[in-house]
Amino acid sequence: MDCIFCKIIGGEIPSAKVYEDEELVIFKDIHPMAKIHLLAVPKEHFPTLAELGGERAALLGRTLQKIGALAPSLGLEEGYRLVVNQGERAGQTVPHLHIHILGGETLGWE
Ligand code: AMP
Ligand code: ZN
C-alpha cells in the first residue's frame, strides 16, 4: 500500500520510534511543531474516524490509555496536547489515522 505510515510500520522507511507494541507505534514527527512532537499511529490502516467501527474504537481507547501512561516517560509530565486532523481542510496530509502529541513547552491556545 502506498501509505507512508504503513511503510514506517513495515520498516521500509526509517523513523525515530519511542514506543512500539503489537498494535501501536509512536515516533517523532519529522517536522516538529513543538519542542516535543510525536505521532501515535495504530498499525492498522484506516484513514479517519469515519472508519471507526467497534474493534477500532477499542483500539483507539487503548491508544489514548497508552499515551496517558507513557507521557511522563516521554518528557510530557507537565502537560501535552493531542491533535487528530481529519480530512484535507483540517490539514490531514497522511490518510492513516494518527494522533499528534505536542508538548515539552508551554503551548498557546489562541
Ligand atoms: P497530518 O498533517 O495530520 O496528516 O500529519 C502528518 C504528519 O506526518 C505531519 O506532521 C508530518 O510532518 C509527519 N510526517 C510525514 N512524513 C513523516 C516521516 N517520514 N516521519 C515522521 N513524520 C512524518
Ligand atoms: Zn497506512
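Rule-based calculations on the coordinates, nothing more; no lab input. Since we're looking at a predicted model, the values are computed, not measured. Positions of Cβ are backbone-derived with ideal geometry, glycine not excepted, and every protein chain shown enters the neighbour counts.
Candidate cross-link partners of K7 among the lysines, defined by an alpha-carbon separation under 17 Å and a same-chain spacing of 8 or more, comprise K17, K28, K43.
When you count the other C-beta atoms within 10 angstrom of each residue and take the mean per peptide, 39-45, 51-57 line up highest first as 39-45, 51-57. Would you calculate the separation in nanometres between label points at C3 and E23, each defined as 7 Å from the Cα along the Cα-to-beta-carbon direction? About 1.6 nm, to one decimal. Would you please state which residues of region 1-29 a label at H45 would reach in this model, taking the label point 7 Å out along Cα→Cβ and a backbone N cut-off of under 15 Å? Zone members listed by number: 1-13.
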